[in-house]
Amino acid sequence: MRFLRLRRSDGRPLTPCEAGAHVDVLGPTGITRQYSLCGPPDDTGSYLIAVKREEASRGGSAALHDQVGAGDELTISEPRNVFRIEPAADGHVLIAAGIGITPLLSMAYQLRRDGARFRLHYFATSREKAAFVSLLESPEFAADVEFHFGVDRNAQHEVLAQALADADSTTHVYTCGPKEFMQGVVEAAARALPEDNVHVEHFQPLEPTAAAGDAFEVELDTGEVFHVPPGRSIVEVLAEDGIEVDTSCREGICGTCVLTVLDGVPDHRDNCLTRKEKEAGDQIATCVSRARTARLVLEL
């Protein structure tokens, strides 16, 4: 794990962010990756990110480990957030595994600052491989944190059940970590909580988000109409005609490319919109989602 503290090169304050927010980081190899901000949300002097070296790195995490040093410049986006704290909740349970601690640490900072009731459960294969242990054991957080080191995967469901034993309809649960782990948290929480009370942060799509599917048309609020064939995404088709939609992950997890739907029914294939947002049908992640109707009308 490598920690990078980012400051503006001109010394000006950074944009304030919400707990759970992330930024896009353009690395020295030209690869952009998303990283959660794990420092106090009200710190406008610097952003802190944690970069885990991925074994199958295609140059993103490896470059930030090997090619970036103090004083080097990186290009980052403004903070974006699709993983927010529910302000109406009476209690909060934060459940992290491995590198998934990063967005939940920022939530812990905010909840502690706000005097809110919360409990943070942190799963890791060992103490040595866990991040921020010393900080989480400090007087600032120790009373609200419980570590679970070396818990066998088959035993995790029992530990999760215990962690959620006191949860009720006013409790909200937030989880981040490997896909299988988060699915276990969702299943454990479903026994006691409404679906809307469980919030998941995705670093990778939960299921394939390829643009396969029937052809459809996209009409923009400018009146222009475009044909989206099977195997092509909305953003790809628009880009071919010189219309750029901001994108980042292109996997439906960061929310950068979300546009407003004025008419038609989206076929949601993303992991960034909430269930309620998908049911409302007035937004679409244009990098992966398609249409259930012959035409979608979008606001550019």
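The values are calculated or read from the model by the stated rules, or taken from the named source; none is laboratory data. In this text the structure is predicted, and so the values were computed from the model without any measurement. Note: ideal-geometry Cβ built from the backbone for every residue, glycine included; neighbour counts use all protein chains shown.
See the values below:
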{"read-out": "Among the residues listed as ASP168, ASP214, the single one being of a type in the set (Asp, Glu) and more than 30 Å from VAL265 (Cα to Cα)", "value": "ASP168"}
{"read-out": "Residue in the range 79-100 that is among the polar types (S, T, N, Q), outside the structural domain of ASP270 (by TED's automatic domain parsing) and touching a residue at least 60 places away in the same chain (Cβ under 8 Å) present", "value": "yes"}
{"read-out": "ASP168 in a loop (DSSP other than H, G, I, E, B), at pLDDT below 95 and of a type in the set (D, E, K, R)", "value": "yes"}
{"read-out": "Filter result for the condition that a residue is surrounded by 16 or more Cβ atoms within 10 Å (Cβ to Cβ), outside any loop (DSSP other than H, G, I, E, B) and not assigned by TED's automatic domain parsing to the domain that holds VAL25, over GLU236, GLU279, GLU187, GLU251", "value": "GLU236"}
{"read-out": "Among the candidates VAL297, VAL261, residue that is at pLDDT 95 or above, within 30 Å of HIS172 (Cα to Cα) and over 16 Å from the mean Cα position of the chain (by Cα)", "value": "VAL261"}
{"read-out": "Filter pass, ALA50 being out of contact with any Gly (no Cβ under 9 Å at 6 or more places or on another chain) and buried (at least 21 other Cβ atoms within 10 Å of the Cβ)", "value": "no"}
{"read-out": "Residue tally, condition touching a Ser or Thr at 6+ places or on another chain (Cβ under 9 Å) and within 15 Å of GLU217 (Cβ to Cβ), over the range 260-288", "value": "7"}
{"read-out": "Residue check, ARG117 in the same structural domain as VAL186 (by TED's automatic domain parsing) and over 20 Å from GLN162 (Cα atoms)", "value": "no"}
{"read-out": "Filtered residues of the range 1-23 (kept if buried (at least 18 other Cβ atoms within 10 Å of the Cβ) and out of contact with any strand residue (DSSP E or B) (no Cβ under 9 Å at 6 or more places or on another chain))", "value": "ALA19"}
{"read-out": "Positions within the range 76-90 being assigned to a loop (DSSP other than H, G, I, E, B) and not aromatic (Phe, Trp, Tyr), in sequence order", "value": "SER77, GLU78, PRO79, ASN81, VAL82, ARG84, ILE85, GLU86, PRO87, ALA88, ALA89, ASP90"}
{"read-out": "Among the candidates VAL51, VAL68, VAL23, residue that is in contact with a Lys or Arg (Cβ under 6 Å, 6 or more places away or on another chain) and either outside the structural domain of ALA130 (by TED's automatic domain parsing) or touching a residue at least 12 places away in the same chain (Cβ under 8 Å) (or both)", "value": "VAL51"}
{"read-out": "Scope the range 278-300; condition under 22 Å from VAL23 (Cα atoms) and of a type outside the set (Gly, Ala, Ser); matching residues", "value": "GLN283, ILE284, THR286, CYS287, VAL288"}
{"read-out": "Any hit, the range 196-205, residues being acidic (Asp, Glu) and either in a loop (DSSP other than H, G, I, E, B) or modelled with pLDDT of 95 or more (or both)", "value": "no"}
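To keep it simple, each residue is scored yes or no on (1) out of contact with any helix residue (DSSP H, G or I) (no Cβ under 7 Å at 6 or more places or on another chain); (2) within 28 Å of LYS52 (Cβ to Cβ).
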residue: VAL185; (1), (2): no, yes
residue: ALA190; (1), (2): yes, no
residue: GLU195; (1), (2): no, no
residue: HIS202; (1), (2): yes, yes
